[in-house]
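Remarks on the structure that follows.
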Amino acid sequence: MTIETTGDQGDGIAKVERGYVVIVPGGQPGDELSVEIEQVKENVAFASIVELDSRVL
């Protein structure tokens, strides 16, 4: 998954199918990550980083 932006609290934000939002603490815009979904809500999920595949510097 690719982090697109950061939220107000500095967490990485990715959008997946149909605009569903995944919040990833520690993610930075441009990061390509493997994540584990920790919690799912109606229109947002929270995930933790399993592996940093690439980071844009």
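Every number here is computed from the coordinates shown, using simple stated rules; none is lab data. Just so it is clear, the structure is predicted and the values come from calculations on it, not from any experiment. Positions of Cβ are generated from backbone atoms using ideal geometry, with glycine treated the same way; all protein chains shown enter the neighbour counts.
Just a few scattered comments:
- Test: residue in the stretch 27-37 that is assigned to a strand (DSSP E or B), surrounded by fewer than 16 Cβ atoms within 10 Å (Cβ to Cβ) and among the polar types (S, T, N, Q): yes
- Only one of the numbered conditions (1) under 12 Å from the mean Cα position of the chain (by Cα); (2) of a type in the set (D, E); (3) surrounded by fewer than 13 Cβ atoms within 10 Å (Cβ to Cβ) is not met by E4, and that is (3).
- Counted residues, the stretch 2-12 - those being touching an Asp or Glu at 6+ places or on another chain (Cβ under 6 Å) and not in a loop (DSSP other than H, G, I, E, B): 1
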